[in-house]
1. Could you line up HIS196, HIS344, HIS160 from fewest to most neighbouring Cβ atoms inside 10 Å?
2. Between GLU62 and ASN37, what's the calculated FRET efficiency when r is the beta-carbon distance and R0 is 51 Å? Round to 0.05.
3. Once label points are set 7 Å from the Cα along Cα→Cβ at both GLU335 and ALA126, what is their separation, rounded to one decimal in nm?
4. Could you please state, rounded to a whole Å, how far the C-alpha centre of the stretch 256-327 is from the C-alpha centre of the stretch 170-229?
5. Determine the sum of side-chain charges near ASP146: Lys and Arg each +1, Asp and Glu each -1, restricted to other residues whose C-beta is under 14 angstrom from that of ASP146.
6. If each DSSP helix of 4+ residues adds -39,500 (n - 2.57) and the sum is divided by the residues in the chain, what number results at 222 nm, nearest 500 deg cm²/dmol?
7. Sum up the charges of everything whose Cβ sits under 12 Å from the Cβ of ALA64, counting Lys and Arg as +1 and Asp and Glu as -1, but leave ALA64 out.
8. Rounded, prolate or oblate: which fits the stretch 306-359, taking a ≥ b ≥ c as square roots of the Cα gyration tensor eigenvalues, rounded meaning a/c under 1.5, else prolate when a/b beats b/c?
Amino acid sequence: MNAAPVIDLQRLKSADPDTIRAMREGLSGLGLVYVSNHGVDLERVRRLYDAFCEVLERPEAEKATWGGADIWYQRGWTPPNTEQAVVADGQPDFKECFFATPTSPDPDCERWFPQLFAKNVWPADAPHFRSELLCVGVAVHEVGLDLLRGCARSLELPQHAFTKLVEGAANLTRLLRYLPLTEEQIESDLLWGEEHTDFNLLTLLPGGAFFHDGQRTTERPGGCGLRLRTRPTAEHPLGEQVAGRPPPGCLVAQVGQQLEILTGGEFVATPHEITPPNKPGWSRCSLAHFVHVHPLRRLFPLMPFHASADEYAPPVLASTYAVKTLVDIGLAPSEALNALGYRHYARLEDIRRVERKNG
Ligand SMILES: [Fe+2]
């Protein structure tokens, strides 16, 4: 399937059989659906982009105090050229971002995973930016939960099969600004977002906005957009890249790696990239909300999908999966993997040190 279906959220919530069938087809085929009748105020999202651009005007030294490497950039500002797509020799993404969690975290996880569960950080004197980001984040997260209940229904699972995995997780709303290219960069093969799959459960995208000469505009430069790779076929063993453009007013909902694993590949995390405009000077703001599995849940095909267990073995904790991914994409240091609960070596070292000292 090379086209994504439009899912009317209210019909999905009322368990309309045609909508449920379309949901399953979309997430099994291209790994993506467009969502209409979702109740998110998209004009409010656009105004949030204006507020975002305003705070990004602040000096770099100030922006660097909003989060940073100590919390693996999981809250606050991610500078340009920091994050990479997970591909060999991947180029850093040409964007700057801001992360916040709009949902209530599990208090144990705040202690056990201090970076994944860092407290939100905010620019000083920007209460409007803060409240709008949280409001939009909550609204989009609610859509995500409705869609996950629809996903479960479409797979004939109990309605809460996925939403119960999400409670207390570090669900993240991210604002992104893709940076304007220069004339020389237009000639290069630079991408706004290199081909990757999202590592979370479900990603919600309420649509971006272009900026030119510092002003938001409804004009759209040529060349740019989302490109999705279809599943492999005999004719296209590497899949085929197709354009993904939602109908006006729709959100995009996209399968992440965690949902692919839990469904044993029935739903697919589709590789996607973002191509830049073919003109210099245009930037684009967008918002992505990442629904995550709680860090103490296991990532492995759920019982009805055990036929695919070998493909996704061995099972792994969602927290381990997250840390490994953040190391791979350049946000967490590789030592983070050595700190996943191992303390016995250090304990033995301490004993030996005392023994040596005591002769
Ligand atoms: Fe993505």
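Laboratory data are not the source of any read-out in this text; all were calculated from the coordinates shown. These numbers come from a predicted model, not from an experiment. With ideal geometry, Cβ positions are generated from the backbone for all residues, glycine too; neighbour counts draw on all protein chains shown.
1. On the way: HIS196 19, HIS344 8, HIS160 14.
Fewest-to-most ranking of HIS196, HIS344, HIS160: HIS344, HIS160, HIS196.
2. On the way: r = 41 Å, r/R0 = 0.79.
Plugging the Cβ-Cβ distance into 1/(1 + (r/R0)^6) gives 0.80.
3. Rounded to a tenth, the inter-label distance reads 3.0 nm.
4. 19 Å
5. Details: positive: ARG11, LYS13, ARG149, ARG153; negative: ASP8, ASP16, GLU142.
Computed value for this residue: +1.
6. On the way: 12 runs with 115 residues, N = 359.
Result for the chain, helices only: -9500 deg cm²/dmol.
7. Working: positive: ARG58, LYS63; negative: GLU60, GLU62, ASP70, GLU96.
Net charge around ALA64: -2.
8. Values: a/c = 5.42, a/b = 2.15, b/c = 2.52.
Because a/c hits 1.5 or more and a/b fails to exceed b/c, the stretch 306-359 counts as oblate.
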